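As structure tokens, the structure follows; a few thoughts come after it.
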Amino acid sequence: MVTETGDGSAEPETPEPQPKGPGGHQTRVQFGYACSPAGALGTAEDGRPAKCFMGKDGRARWGYDSDRG
């Protein structure tokens, strides 16, 4: 789902808190969604490795972690 921000841009809504696996590793993350803290590791629903990256807009988002994939 997408939410419109006050400046006319849109961003994905923050999903419910994701289940945490061993060592705080988050599971079932969705690429492009907000995350915290930057540098956190996770796994997408389809099994791909994910990492929380800081975007140019100053917001942390889940992205594909090519170092682990």
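Here Arg68 does not fit the description of being surrounded by 10 or more Cβ atoms within 10 Å (Cβ to Cβ), modelled with pLDDT of 95 or more and of a type outside the set (Gly, Ala, Ser). In the range 1-48, of all residues being modelled with pLDDT of 65 or more, of a type in the set (S, T, N, Q) and assigned to a loop (DSSP other than H, G, I, E, B), the one that is farthest from the chain's Cα centre (by Cα) corresponds to Ser36. Figure legend. Inter-residue proximity from the range 40-61: first residues surrounded by 15 or more Cβ atoms within 10 Å (Cβ to Cβ), second residues part of a loop (DSSP other than H, G, I, E, B) and aliphatic (A, V, I, L, M), beta-carbon distance below 8 Å, spacing 6+ or different chains. Indicated pairs: Lys51/Ala40; Cys52/Ala38; Cys52/Ala40; Phe53/Ala38; Ala60/Ala38.
The values are calculated or read from the model by the stated rules, or taken from the named source; none is laboratory data. This is a predicted model, so every value here is computed, not measured. Neighbour counts are summed over all protein chains in view; Cβ atoms, including those assigned to glycine, are modelled from backbone coordinates with ideal geometry.
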